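The values are calculated or read from the model by the stated rules, or taken from the named source; none is laboratory data. This structure is a prediction, so every number in the text was calculated from the model and none was measured. Cβ coordinates were reconstructed from backbone atoms using ideal geometry, including for glycine residues, and neighbour counts include every protein chain displayed. When the accessible area is computed, the model is the full protein with side chains, heavy atoms only, and any ligands, DNA or RNA have been set aside. Shrake-Rupley method; radii C 1.70, N 1.55, O 1.52, S 1.80 Å.
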Amino acid sequence: MSSKTALHAKHLEAGAKMVDFFGWEMPISYGSQIEEHHAVRQDAGMFDVSHMTIVDVTGEQAQPYLRYLLANDVAKLQDKGKALYSGMLNEAGGVVDDLIVYHFDATNYRLVVNSATREKDMNWLLSKAEGFAVTITEKPDFAMLAVQGPGAKDKAANLFSEAQKEAVAGMKPFYGVQAEDLFIATTGYTGEAGYEIMVPVARAAQFWQELLNAGVKPCGLGARDTLRLEAGMNLYGQDMDETISPLAANMGWTITWEPAERNFVGRQALETLKAQGTDKLVGLVMKEKGVLRAGQKIKTDNGEGVITSGTFSPTLGHAIAMARIPAGTPATVEVEMRKKWVTVDVVKPCFVRNGKSAL
Amino acid sequence: MSNIPSDLRYAATHEWVRPEGDGVFTVGISEHAQDLLGDMVFVDLPDAGDKVSTGDDVAVAESVKAASDVYAPLTGEVIAINEDLEDSPELVNSDPYGDGWLFKIKADDPEEVEGLLNAEGYQASIDEE
């Protein structure tokens with residue numbers, strides 16, 4: 001039996017094609033995936049991300065617990081509401097999940113973790129909490145909507161009370177604030193400005209309808225995937241998993257090595273991997289006809305690799321991909337496409353930012 | 001329920017065929033097929049003049065989701081291709097039985113079309129998938 005979000009009926013009302021997404025019945029698109037993609041790049045689109053898991057971590061030792069649990073260091077967070085992206089690693093240095101953590105104070109944090117790994121993550125969070133004075137609480141009473149695009153903030157503001165408008169005024173990227181009944185964060189998965197908003201379940205459908213009335217276009221998982229890939233953002237289970245270290249997933253920047261005495265899960269293994277050298281995740285661009293796809297094989301002078309995510313980029317009008325290849329800095333690699341080997345360019349894995357080509 | 005015009009013939013691999021007279025047949029992919037594939041981004045067509053045999057993979061319909069082979073539903077010669085698809089592959093989505101046609105074949109044996117499915121048969125083959 002699949003789970004449904006609080007917005008399920010609204011998706012059907014909007015003509016969504018629904019698919020199974022790790023046990024959740026979610027919209028893949030409402031018609032044209034490419035039109036939804038362009039709506040986010042050019043104006044404003046919204047995604048139901050209620051299937052993601054919200055977890056509050058509170059208590060006297062919330063900070064030391066998270067400093068042990070995560071490869072990035074929550075002690076770097078000083079401002080109330082500041083968010084941090086981090087991998088949660090296993091002892092072998094593989095990624096159990098990637099997540100966002102919001103800091104309210106040293107005894108009060110909120111995590112947002114992937115839906116695909118909900119049960120595994122909860123078990124992991126609880127098992128690592130042993131010996132720490134922390135309380136770990138899932139928050140299933142919220143729906144979550146991402147409103148993204150250059151026009152997203154203005155349109156969303158139509159729904160905010162005066163107090164909520166005041167709370168988000170001048171809020172920089174990667175912050176979150178609880179304002180009356182809404183938790184409003186300047187985070188996202190598209191490379192555009194906008195909000196991720198946690199809404200009490202009882203208000204979710206009405207909130208969706210009001211965004212629709214404000215001119216925000218409903219967007220499905222299909223557009224969400226092409227947008228995040230253009231923005232060079234990893235997808236858990238595809239670009240990294242428990243067998244891949246953050247060093248081999250373009251997540252080196254999320255590992256905080258200093259202070260050296262901070263022991264976090266996976267640290268020892270990461271230090272060894274770093275000394276040995278690892279594969280790396282790069283971007284690929286192909287301007288000829290055809291589409292790069294996940295799973296396609298790659299040949300480089302230093303050995304073989306594989307495409308982890310690939311798509312047609314609606315913004316750029318050609319194929320883009322992320323690929324894991326052996327260490328080295330080749331300008332081009334060979335990709336096996338439909339039984340032919342094609343030469344494609346290697347770039348940094350970030351293709352589009354704020355509506356414009358980053359190439 | 002997808003649209004399956006009764007004046008066309010179909011291959012189980014989702015191509016449709018429209019008799020234009022004089023042994024010439026227009027070929028495209030069905031509404032059901034374009035719906036499965038989603039937004040089309042490239043259509044790789046054969047060249048006019050190509051000799052094709054029934055079942056040959058002669059074209060590729062590539063969408064945001066997947067690349068899918070298109071098979072020749074009849075044996076003959078490709079006499080025209082839909083050049084509008086070069087710049088507007090989305091015509092396959094918006095008008096699969098009209099402006100989204102792929103190519104025209106001059107059949108070696110125009111009677112071969114009788115071996116293809118009718119609308120009812122195609123509907124049944126979709127239902128079995």
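Quick notes on this structure:
- Summed over segment A:20-35, residues that are part of a helix (DSSP H, G or I) and either under 18 Å from the mean Cα position of the chain (by Cα) or of a type in the set (A, V, I, L, M, F, W, C) (or both) total 1.
- If the condition is being of a type in the set (Ser, Thr, Tyr) and closer than 12 Å to A:Val74 by Cβ, then segment A:91-125 contributes A:Tyr102, A:Thr107, A:Tyr109.
- Subset of segment B:79-95 that is open to solvent by less than 20 Å² (accessible area, probe 1.4 Å) and within 14 Å of another protein chain (Cβ to nearest Cβ) - its residue that is nearest to A:Ala319 (Cα to Cα): B:Pro89
- For segment A:199-214, filtering for residues that are touching a residue at least 24 places away in the same chain (Cβ under 8 Å), open to solvent by 40 Å² or more (accessible area, probe 1.4 Å) and over 20 Å from A:Lys139 (Cα atoms) leaves 3.
- Sole residue being surrounded by 23 or more Cβ atoms within 10 Å (Cβ to Cβ) and among the acidic types (Asp, Glu), chosen from A:Asp79, A:Asp98, A:Asp105: A:Asp98
- So A:Ala169, is it open to solvent by less than 60 Å² (accessible area, probe 1.4 Å), on the phi < 0 side of the Ramachandran plot and of a type outside the set (Lys, Arg): no
- Residues of segment A:1-14 that are open to solvent by 50 Å² or more (accessible area, probe 1.4 Å) and closer than 17 Å to A:Met46 by Cα: A:Ala9, A:Leu12, A:Glu13.
Let's see how each residue does on (1) of a type in the set (Gly, Ala, Ser); (2) within 13 Å of A:Gly93 (Cβ to Cβ); (3) open to solvent by less than 50 Å² (accessible area, probe 1.4 Å):
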{"position": "A:Leu247", "(1), (2), (3)": "no, yes, yes"}
{"position": "A:Asn250", "(1), (2), (3)": "no, no, no"}
{"position": "A:Ala269", "(1), (2), (3)": "yes, yes, yes"}
{"position": "A:Leu273", "(1), (2), (3)": "no, yes, yes"}
{"position": "A:Val282", "(1), (2), (3)": "no, no, yes"}
{"position": "A:Leu292", "(1), (2), (3)": "no, no, yes"}
{"position": "A:Thr300", "(1), (2), (3)": "no, no, yes"}
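- Listed conditions (1) more than 14 Å from every other protein chain (Cβ to nearest Cβ); (2) in contact with an Asp or Glu (Cβ under 6 Å, 6 or more places away or on another chain); (3) not charged (D, E, K, R) are all met by A:Ile34, apart from (1).
- Number of the exception - A:Gly328 against (1) in contact with a strand residue (DSSP E or B) (Cβ under 6 Å, 6 or more places away or on another chain); (2) more than 20 Å from A:Leu229 (Cα to Cα); (3) open to solvent by less than 60 Å² (accessible area, probe 1.4 Å): (1)
- Hits in segment A:13-65 - residues which are hydroxyl-bearing (Ser, Thr, Tyr), within 24 Å of A:Gly194 (Cβ to Cβ) and in contact (Cβ under 8 Å) with a residue 60 or more places away in the chain: A:Ser29, A:Tyr30, A:Ser50, A:Thr53
- A:Lys340, sole failed condition from (1) within 14 Å of chain B (Cβ to nearest Cβ); (2) over 22 Å from A:Leu227 (Cβ atoms); (3) of a type outside the set (Asp, Glu); (4) open to solvent by less than 10 Å² (accessible area, probe 1.4 Å): (4)
- Given (1) more than 19 Å from the chain's Cα centre (by Cα); (2) open to solvent by less than 20 Å² (accessible area, probe 1.4 Å), index of the condition A:Val40 fails: (1)
- Residue list for segment B:5-52, filter: away from chain A (no Cβ under 14 Å) and polar (S, T, N, Q): B:Ser6, B:Thr13, B:Thr26, B:Ser30
- Applying the set (1) within 26 Å of B:Ser63 (Cα to Cα); (2) in contact (Cβ under 8 Å) with a residue 40 or more places away in the chain to A:Val291 leaves exactly one unmet item: (2).
Conditions tested, residue by residue: (1) more than 13 Å from the chain's Cα centre (by Cα); (2) of a type in the set (Val, Ile, Thr).
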position	(1), (2)
B:Tyr10	no, no
B:Gly23	yes, no
B:Ala33	no, no
B:Asp39	yes, no
B:Asp44	no, no
B:Val60	no, yes
B:Tyr71	no, no
B:Leu74	no, no
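- Subset of segment A:43-88 (residues that are of a type in the set (Ser, Thr, Tyr) and within 19 Å of the chain's Cα centre (by Cα)): A:Ser50, A:Thr53, A:Tyr85, A:Ser86
- Listed by position, the strands (runs of 3 or more DSSP E) enclosed by segment A:190-302 that each have at least 1 residues that are more than 14 Å from every other protein chain (Cβ to nearest Cβ) and on the phi > 0 side of the Ramachandran plot are A:194-200.
- B:Gly55 being away from chain A (no Cβ under 11 Å), surrounded by fewer than 20 Cβ atoms within 10 Å (Cβ to Cβ), within 15 Å of B:Ala12 (Cβ to Cβ) and touching a residue at least 12 places away in the same chain (Cβ under 8 Å): yes
- Selected residue (criterion: most open to solvent (accessible area, probe 1.4 Å)) from residues of segment B:59-78 that are under 14 Å from B:His14 (Cα atoms) and away from every other protein chain (no Cβ under 12 Å): B:Tyr71
- Filtered by the rule that a residue be under 11 Å from A:Thr53 (Cβ atoms), surrounded by fewer than 19 Cβ atoms within 10 Å (Cβ to Cβ) and not acidic (Asp, Glu), segment A:117-133 gives A:Lys120, A:Met122.
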